[in-house]
1. What number of residues within segment A:257-272 are more than 11 Å from chain D (Cβ to nearest Cβ) and either touching a residue at least 40 places away in the same chain (Cβ under 8 Å) or over 15 Å from C:LYS259 (Cα atoms) (or both)?
2. For segment A:220-256, which positions are in a helix (DSSP H, G or I), in contact (Cβ under 8 Å) with a residue 24 or more places away in the chain and more than 12 Å from chain B (Cβ to nearest Cβ)?
3. Could you say whether any residue in segment D:94-109 is within 30 Å of D:LEU248 (Cβ to Cβ), assigned to a strand (DSSP E or B) and out of contact with any Phe, Trp or Tyr (no Cβ under 7 Å at 6 or more places or on another chain)?
4. Restricting to segment C:282-295, name every residue that is more than 7 Å from every other protein chain (Cβ to nearest Cβ) and not aliphatic (A, V, I, L, M).
5. Can you find even one residue in segment A:112-135 that is over 18 Å from the mean Cα position of the chain (by Cα), surrounded by fewer than 24 Cβ atoms within 10 Å (Cβ to Cβ) and over 21 Å from A:VAL150 (Cα atoms)?
6. Could you check segment A:128-155 and list, in sequence order, the residues that are within 11 Å of another protein chain (Cβ to nearest Cβ) and over 19 Å from A:LEU60 (Cβ atoms)?
7. Report whether or not C:MET197 is at the interface with chain D (Cβ under 8 Å from one of its Cβ atoms), outside any helix (DSSP H, G or I) and farther than 27 Å from D:LEU195 by Cα.
8. Does segment C:273-281 contain any residue that is at the interface with another protein chain (Cβ under 9 Å from one of its Cβ atoms) and closer than 27 Å to A:PHE275 by Cβ?
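The values are calculated or read from the model by the stated rules, or taken from the named source; none is laboratory data. Fair warning: this is a prediction, and the values are worked out from it, not measured in the lab. Virtual Cβ from ideal backbone geometry, glycine too; neighbours counted across all protein chains shown.
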Protein chains: 4
Amino acid sequence: MHIGFIGLGNMGAPMARNLLRAGYRLTVFDLAAAAVASLVNTGATAAPSIIDIAQSDVELIITMLPAASHVREVYLGEQGLLSGVAPGVRLIDSSTIDPMTARDVAAAALQQGNPMLDAPVSGGTGGAEAGTLTFMVGGDNTDYDGALSVLQSMGKNVVHCGPAGNGQAAKVANNMLLAISMIGVAEAMNLGVSLGMDPKVLAGVINTSSGRCWSSDTYNPYPGVIEGAPASRNYTGGFGTDLMLKDLGLATEAAKQQKQPIILGALAQQLYQMFSSQGHGAMDFSAIIKLYSGEDQ
Amino acid sequence: MHIGFIGLGNMGAPMARNLLRAGYRLTVFDLAAAAVASLVNTGATAAPSIIDIAQSDVELIITMLPAASHVREVYLGEQGLLSGVAPGVRLIDSSTIDPMTARDVAAAALQQGNPMLDAPVSGGTGGAEAGTLTFMVGGDNTDYDGALSVLQSMGKNVVHCGPAGNGQAAKVANNMLLAISMIGVAEAMNLGVSLGMDPKVLAGVINTSSGRCWSSDTYNPYPGVIEGAPASRNYTGGFGTDLMLKDLGLATEAAKQQKQPIILGALAQQLYQMFSSQGHGAMDFSAIIKLYSGEDQ
Amino acid sequence: MHIGFIGLGNMGAPMARNLLRAGYRLTVFDLAAAAVASLVNTGATAAPSIIDIAQSDVELIITMLPAASHVREVYLGEQGLLSGVAPGVRLIDSSTIDPMTARDVAAAALQQGNPMLDAPVSGGTGGAEAGTLTFMVGGDNTDYDGALSVLQSMGKNVVHCGPAGNGQAAKVANNMLLAISMIGVAEAMNLGVSLGMDPKVLAGVINTSSGRCWSSDTYNPYPGVIEGAPASRNYTGGFGTDLMLKDLGLATEAAKQQKQPIILGALAQQLYQMFSSQGHGAMDFSAIIKLYSGEDQ
Amino acid sequence: MHIGFIGLGNMGAPMARNLLRAGYRLTVFDLAAAAVASLVNTGATAAPSIIDIAQSDVELIITMLPAASHVREVYLGEQGLLSGVAPGVRLIDSSTIDPMTARDVAAAALQQGNPMLDAPVSGGTGGAEAGTLTFMVGGDNTDYDGALSVLQSMGKNVVHCGPAGNGQAAKVANNMLLAISMIGVAEAMNLGVSLGMDPKVLAGVINTSSGRCWSSDTYNPYPGVIEGAPASRNYTGGFGTDLMLKDLGLATEAAKQQKQPIILGALAQQLYQMFSSQGHGAMDFSAIIKLYSGEDQ
């Protein structure tokens, strides 16, 4: 199958490479010439513009873009995909954006005969490299089935979340909960340790009790508790604070539109913002525990 | 072994019955005559007062009391245990109280030759009946080893958390995290559903992603997601909102003494207080999701 | 002077009537025919469209619109004001919108020779009727001076807040503080009364102490404390909860763009959202005290 | 009149000096010999112990102590005031403590014939020196009237808040509101300035609008806005962060006992705790704005 791929950033580039590895023919586009060159070296063909990809003989186009404004531009812009793509070509947007924009773009695509899926990922750049991403997919059953094998060459966990936009809805809900849990674990660990607990023993109790969660048993923010977690390597790598902030911005914006109160979610956003404002936006998001540490920030 | 047991409430009574079932000889005391009578019917001996238990030939005394003030009274009061108990008799307090009081009482006990453990439980009245409680134990290694088989006749999970008071520290930290996670799941479920997700599908995504936690995969607050959870039986049974409030009060008080900020923990306390003030203190704590539902409270 | 006025809603209509009263010649437009008819009855001329106002001989055009999207449409739309207005005609937007949009539109206007002010108001429909509004004005000094007498015929307090967009910035900051203060007063009044204070005595103490604020001394949310305040007439009239929610949405959005943490502001937004979701969006915003009352919501 | 005065700390010493200045005969006690010596130099008589003051011929005893535990000890301890004071001697406690303790002690005093007032102050050490404190007084009408002239020699504003304990209730409610307002002003000032406002212009708008409050118009936390405010002298002097933390601890504890939710109040406590934990507990409480500044803390 011939696939078009637009957006070769930290996530998009390794995802595209995994498609090449799986044997797909790939035509790629990115504004950054170096990113394109690197993919071409691995076997992809470069397209001079978005519209060129739309008008080539691709059967499927995947996009991986920074934000909703880019998605609107790439799909709905004057020289965008929908202005030139042939009916029947399938579309997958793996960007993390708000569900409403995802639905708007999918509806516009469908109207001119292009079935579209929203398929945001979790798993970070590590997962993108290793091909172990999780895809949360919104769209029609048939379209989902048709895209499954392609997605599986980039990820190991593909979940169908319902109709268009639901991939984004699932991601925004999950990541808001993740943000809250991580701060909750940070507070619980610091409280327990201040009361005299050994951090590993405390994590052990939590991980076999009702406080058990991914933020504690897999990604504990307390240094030294989990070997290999960002907390044990000075909060480098992992999922950056500013990326979490972006997702929390999507969550609170979606909640506002749905007139849904999200008290801890909104507070989490502000705490990550406070931490980022202190100059730590590039640190892994589990470093939020430092906000509570009393040491010089 | 002859064991004394003081405090035959909703938790203490079934715990005492499990000790009888395991073959221990039991002398009990409670201010409520009916509670005592019920245990005597199952084979226990009634003591007319606390001091009578202290002065009997028990080798071990277990207490299960509502709050720190009762623990101080029962152990340190003029007619309390320490005023009459023979050196060498072992003491276990299974009440949930603050770590500082636990340490004070344990130090006073030790000084007159009575090794003491704090051993608060989780698992609720259901776990107490079934003998499947989790014990979080603080105290000396040898004392812990010596008490293990007795505790195992009342629970299936016994964790040594470190020296005296650490059982309480672990419980307070775990339960604060639980309170936060539960509200986080409530917000995430409501947000996702308001965005068009099916609640079971959303929980499925969360439970295999980074939002995974006990509050979602075992005790999900959204009705119908988990069969058998309180949310699926109108929030009856389970762990009452006012009990969670008590634990959050211990957490914020401990944090104040340790000069440790706990932002989400303090907010969780106030949200449960708001919910309780609306008349829902007896509902399972997962009913906090109703605070977000917009329906008539 | 001949003035164009676009947007004859609850605020715009009485503002326009005050201009007529002050002797200005007025040409008006609104999508609602009845609103236009009512103004025509008082002496205004109706324009069939926005572009007709732009192309008339008005020297000044005032707009009063619900949200930023309407402002963009009315000014920058294909048939919008800037598509037809003659250079030199002055523009004043009194809508409450985000500072960034205000700056974008003002820059576009200036580029084609139309000086523009942002001049959002506070004072509610009562102030609009009575001509006692406060105008917070952003824009050039000369433009401000030139508009002063017109604004003074609609309000009694006109404040120059700096260059374009600063009127909006001032309003968003002030109203966020107002939202926080009102909840603060609600909590303090309820706490004091629960501790045995008479509400009027408590308000008296606060109003002569360091807790003194407009939300306590002028608009106290506790019923019966201030005669004439919405709290003393069942929270009718005044400034609706959903209008406060809109302003808090602008505040948190602006803070997000400026990467500025606003913890209490974000929490206030969610509390008003919770209250609105319970069906109270039309009540005066001081009714937020009911969220704390424990009575049936 | 002969007055006994116990507690000669930063507040008590200047209060006692003002009593001497007003011509009262004074017998004083403090654990710190230097504090006593300093008062004796100004004309007071030293008592060797609390019980000596109780058993002297004083007509009135005033106490100014750090916390509720000291108040209990000084009044109810084995060698405390109530163990020796003659019936009819009047008692005033000016310490800031929880209303419940104030009521307990007042009831115990009354039972043995000693009318007692709780009369906590605001105004800080500056107000204590200058004799311009505000007294918030709880107690009986007659007792209040009888104490008025004595209190007026130490303060310029004396408010009767109702029966015993209400002075403490008023103070706790007012100071919680103050803590919230101060953070609200910090957030609003930072938001407005980040949006391009001049801080003085912004404060000017707020101070004539609905955001008006003591924290903005008298004690603005933004440097340079108000000459003479702690913000304009590096947050030295004024009301220390740790003193505000103590009052917020009393507020949340009282709210817990009254089962009253106080969401912003609890959050304010945690934010001040976070700030204090970063090493700033001695700074004036308006320095909380630094938590939002993004600069190195």
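1. We begin by selecting, within segment A:257-272, every residue more than 11 Å from chain D (Cβ to nearest Cβ); these are A:257-262, A:264-266, A:268-269, A:272.
Within this subset, residues satisfying the condition of being either touching a residue at least 40 places away in the same chain (Cβ under 8 Å) or over 15 Å from C:LYS259 (Cα atoms) (or both) are A:257-262, A:264-265, A:268-269, A:272.
Result for segment A:257-272: 11.
2. Matches in segment A:220-256: A:PRO230, A:ALA231, A:THR241, A:ASP242, A:LEU243, A:LEU245, A:LYS246.
3. First pass over segment D:94-109, keeping only residues within 30 Å of D:LEU248 (Cβ to Cβ): D:94-109.
Narrowing the set further to residues that are assigned to a strand (DSSP E or B) leaves none.
Among the residues of segment D:94-109, not one is within 30 Å of D:LEU248 (Cβ to Cβ), assigned to a strand (DSSP E or B) and out of contact with any Phe, Trp or Tyr (no Cβ under 7 Å at 6 or more places or on another chain), which makes the answer no.
4. C:ASP284, C:PHE285, C:SER286, C:LYS290, C:SER293, C:GLU295 - these are the residues of segment C:282-295 that are more than 7 Å from every other protein chain (Cβ to nearest Cβ) and not aliphatic (A, V, I, L, M).
5. Yes - at least one qualifying residue is present in segment A:112-135.
6. Within segment A:128-155, just A:THR134 meets the criteria.
7. On the way: at the interface with chain D (Cβ under 8 Å from one of its Cβ atoms): yes; outside any helix (DSSP H, G or I): yes; farther than 27 Å from D:LEU195 by Cα: yes.
It is true that C:MET197 is at the interface with chain D (Cβ under 8 Å from one of its Cβ atoms), outside any helix (DSSP H, G or I) and farther than 27 Å from D:LEU195 by Cα.
8. Applying the first criterion (at the interface with another protein chain (Cβ under 9 Å from one of its Cβ atoms)) to segment C:273-281 yields C:273-279, C:281.
Okay, now just the ones that are also closer than 27 Å to A:PHE275 by Cβ, so C:273-274.
Yes, that holds for at least one residue.
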